[in-house]
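Participant: Have a look at this one.
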């Protein structure tokens, strides 16, 4: 396709008063609009009324795995005063050592998120 005819990705303005789920939804929308493959495990409500993310493996895995053009990103998204839990720190540390593209991001990082996803 001719570069002049390519459509620019949609401008997604982050909701600064939103929730972590809303933040995640915005990042996913931008990732999809810019051609990234994305994976996120959604929590589910158990019969006992407790929210949990059913996984087989170690707890604390990052919120998002994004892949495009030979690049893999592991992103943990946080809102407000939320900080990493111990299990999330273990994944962060292991992925840092593996030089695997791990980052913890907040809404304050929106310009970086947008630039990273748009540039691929």
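Participant: Please list, ordered by residue number, the strands (runs of 3 or more DSSP E) wholly in segment 59-116 having 2 or more residues that are in contact (Cβ under 8 Å) with a residue 60 or more places away in the chain and either over 16 Å from residue 21 (Cα atoms) or out of contact with any helix residue (DSSP H, G or I) (no Cβ under 8 Å at 6 or more places or on another chain) (or both).
Facilitator: Per the criteria, no element qualifies.
Participant: Which of the residues that make up segment 28-81 are modelled with pLDDT under 85, under 17 Å from the mean Cα position of the chain (by Cα) and more than 24 Å from residue 110 (Cβ to Cβ)?
Facilitator: 53
Participant: While we're here: Give me a count of the residues in segment 18-52 that are in contact with a strand residue (DSSP E or B) (Cβ under 7 Å, 6 or more places away or on another chain), without any contact (Cβ under 8 Å) to a residue 40 or more places away in the chain and not in a helix (DSSP H, G or I).
Facilitator: 10
Participant: Has segment 94-104 got any residue that is under 11 Å from the mean Cα position of the chain (by Cα), surrounded by 11 or more Cβ atoms within 10 Å (Cβ to Cβ), closer than 14 Å to residue 26 by Cα and at pLDDT 95 or above? Talk me through it step by step, then tell me what you get.
Facilitator: Start the filter on segment 94-104 by keeping residues that are under 11 Å from the mean Cα position of the chain (by Cα), which leaves 102-104.
When the remaining residues are screened for being surrounded by 11 or more Cβ atoms within 10 Å (Cβ to Cβ), the result is 102-104.
Those still in the list that are closer than 14 Å to residue 26 by Cα too: none.
No, segment 94-104 contains no residue that is under 11 Å from the mean Cα position of the chain (by Cα), surrounded by 11 or more Cβ atoms within 10 Å (Cβ to Cβ), closer than 14 Å to residue 26 by Cα and at pLDDT 95 or above.
Participant: Still on this structure, please answer the following. Restricting to segment 20-49, name every residue that is under 23 Å from residue 89 (Cα atoms) and surrounded by fewer than 10 Cβ atoms within 10 Å (Cβ to Cβ).
Facilitator: The one that is under 23 Å from residue 89 (Cα atoms) and surrounded by fewer than 10 Cβ atoms within 10 Å (Cβ to Cβ): 42.
Participant: Based on what the data block shows, is residue 14 in a loop (DSSP other than H, G, I, E, B), modelled with pLDDT under 75 and touching a strand residue (DSSP E or B) at 6+ places or on another chain (Cβ under 7 Å)?
Facilitator: Considered against the rule, which asks whether it is in a loop (DSSP other than H, G, I, E, B), modelled with pLDDT under 75 and touching a strand residue (DSSP E or B) at 6+ places or on another chain (Cβ under 7 Å), residue 14 comes out as no.
The values are calculated or read from the model by the stated rules, or taken from the named source; none is laboratory data. Computed from a predicted model, the values in this text were never measured in an experiment. Glycine also receives a Cβ, built like all others from the backbone with ideal geometry; neighbour counts cover every protein chain displayed.
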